[in-house]
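Q: Attaching a single structure in structure tokens format; questions to follow.
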Amino acid sequence: MSISLLQPVVVLVCWSLVMLLWMIGTRIPALKAAGIDLKGRRGGRPGGLDGILPDEIQWKAHNYIHLMEQPTLFYAIVLTLALLGAGDPFNVALAWGYALLRVAHSLVQATVNIIPIRLTLFALSSLCLIGLAARVAMTVFSG
């Protein structure tokens with residue numbers, strides 16, 4: 001098992017929890033300020049509070065949802081590589097690249113939300129993920 005590959009996984013999981021707390025810490029006061037009482041309310045669809053709560057509040061919720069989407073592929077790929085003992089420096093660098101780029105993406109989306117910057121960070125992290133997927137495929141199907 002390659003522990004060095006697991007470190008960026010743990011960092012991204014912990015970062016996702018930071019985003020969860022940040023979302024809750026900003027959303028609950030915003031709901032109160034908007035006069036929205038949660039008692040007896042039923043859930044809706046994601047983004048249902050868009051246009052009701054300020055965009056700056058919703059950005060954190062949107063980012064938290066994003067952290068529950070594509071990173072699931074990252075977790076599966078990196079855990080597979082770790083189990084296979086494929087923690088060579090290139091795989092570790094790709095894993096760290098992905099995790100750190102996703103943290104940077106979160107910070108941009110949750111604060112200034114400038115689309116070209118977010119898109120660049122997303123594209124770079126996706127390239128890391130594609131590289132990891134190719135590497136795990138080569139490892140699994142090479143013999």
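Q: So if I check each of LYS60, LYS32, LYS39, which one is of a type in the set (Lys, Arg), surrounded by fewer than 17 Cβ atoms within 10 Å (Cβ to Cβ) and either at pLDDT 90 or above or assigned to a helix (DSSP H, G or I) (or both)?
A: Working: LYS60 fails: surrounded by fewer than 17 Cβ atoms within 10 Å (Cβ to Cβ); LYS39 fails: either at pLDDT 90 or above or assigned to a helix (DSSP H, G or I) (or both).
After ruling out the rest, the residue left standing is LYS32.
Q: State whether the residues of region 21-37 include one that is among the acidic types (Asp, Glu), farther than 25 Å from ALA137 by Cβ and touching a residue at least 40 places away in the same chain (Cβ under 8 Å).
A: To start, the set of residues in region 21-37 that are among the acidic types (Asp, Glu) comprises 37.
Filter once more, so that each one left must be farther than 25 Å from ALA137 by Cβ: 37.
With touching a residue at least 40 places away in the same chain (Cβ under 8 Å) added as a condition, the list becomes none.
Scanning region 21-37, I find no residue that is among the acidic types (Asp, Glu), farther than 25 Å from ALA137 by Cβ and touching a residue at least 40 places away in the same chain (Cβ under 8 Å), so the answer is no.
Q: Further, regarding this structure: What residue, among those in region 112-143 that are within 20 Å of HIS62 (Cβ to Cβ) and not aliphatic (A, V, I, L, M), is surrounded by the fewest Cβ atoms within 10 Å (Cβ to Cβ)?
A: Here is the first cut: in region 112-143, the residues within 20 Å of HIS62 (Cβ to Cβ) are 112-126, 129.
Cutting the leftovers down to not aliphatic (A, V, I, L, M) gives us 113, 116, 118, 120, 122, 125-126.
On the way: ASN113: 15, PRO116: 8, ARG118: 18, THR120: 15, PHE122: 18, SER125: 22, SER126: 14.
Of everything passing the filter in region 112-143, PRO116 is surrounded by the fewest Cβ atoms within 10 Å (Cβ to Cβ).
Q: A further question follows. Which residues, counting only those in region 38-50, are touching a helix residue (DSSP H, G or I) at 6+ places or on another chain (Cβ under 8 Å) and either over 17 Å from ASN63 (Cα atoms) or in contact (Cβ under 8 Å) with a residue 40 or more places away in the chain (or both)?
A: From region 38-50, those touching a helix residue (DSSP H, G or I) at 6+ places or on another chain (Cβ under 8 Å) are 38, 46-47, 49-50; that's our starting set.
Matches in region 38-50: LEU38 only.
Q: Quick test of your reading of the structure: GLY47 fulfils all but one of (1) small (Gly, Ala, Ser); (2) on the phi > 0 side of the Ramachandran plot; (3) assigned to a helix (DSSP H, G or I). Name the failing condition by number.
A: Going through the list (1) small (Gly, Ala, Ser); (2) on the phi > 0 side of the Ramachandran plot; (3) assigned to a helix (DSSP H, G or I), GLY47 breaks only (3).
Q: Do you know which residues across region 1-12 are in contact (Cβ under 8 Å) with a residue 12 or more places away in the chain and closer than 21 Å to ASN63 by Cα?
A: Result: PRO8, VAL9, VAL11, LEU12.
Q: Let me ask another. Out of curiosity, is GLN109 polar (S, T, N, Q), surrounded by 14 or more Cβ atoms within 10 Å (Cβ to Cβ) and touching a Lys or Arg at 6+ places or on another chain (Cβ under 7 Å)? Give the steps one after another, and end with the answer.
A: On the way: polar (S, T, N, Q): yes; surrounded by 14 or more Cβ atoms within 10 Å (Cβ to Cβ): yes; touching a Lys or Arg at 6+ places or on another chain (Cβ under 7 Å): yes.
Yes; evaluated as a whole, the condition is true for this residue.
Q: Tell me which residues, restricted to region 4-16, are surrounded by 13 or more Cβ atoms within 10 Å (Cβ to Cβ) and within 15 Å of VAL103 (Cα to Cα). Can you show your working first?
A: Pass one, region 4-16, residues surrounded by 13 or more Cβ atoms within 10 Å (Cβ to Cβ): 4-9, 11-13, 15-16.
Answer for region 4-16, where residues must be surrounded by 13 or more Cβ atoms within 10 Å (Cβ to Cβ) and within 15 Å of VAL103 (Cα to Cα): GLN7, PRO8, VAL9, VAL11, LEU12, VAL13, TRP15, SER16.
Q: Of MET1, MET68, MET19, which residue is surrounded by 17 or more Cβ atoms within 10 Å (Cβ to Cβ) and within 30 Å of LEU94 (Cβ to Cβ)? Give the steps one after another, and end with the answer.
A: Details: MET1 fails: surrounded by 17 or more Cβ atoms within 10 Å (Cβ to Cβ); MET68 fails: surrounded by 17 or more Cβ atoms within 10 Å (Cβ to Cβ).
Only one candidate passes the filter, namely MET19.
The values are calculated or read from the model by the stated rules, or taken from the named source; none is laboratory data. Everything quoted here is computed from the prediction, not taken from an experiment. Note that each Cβ is placed from the backbone with ideal geometry, even for glycine, and that neighbours are counted across all protein chains shown.
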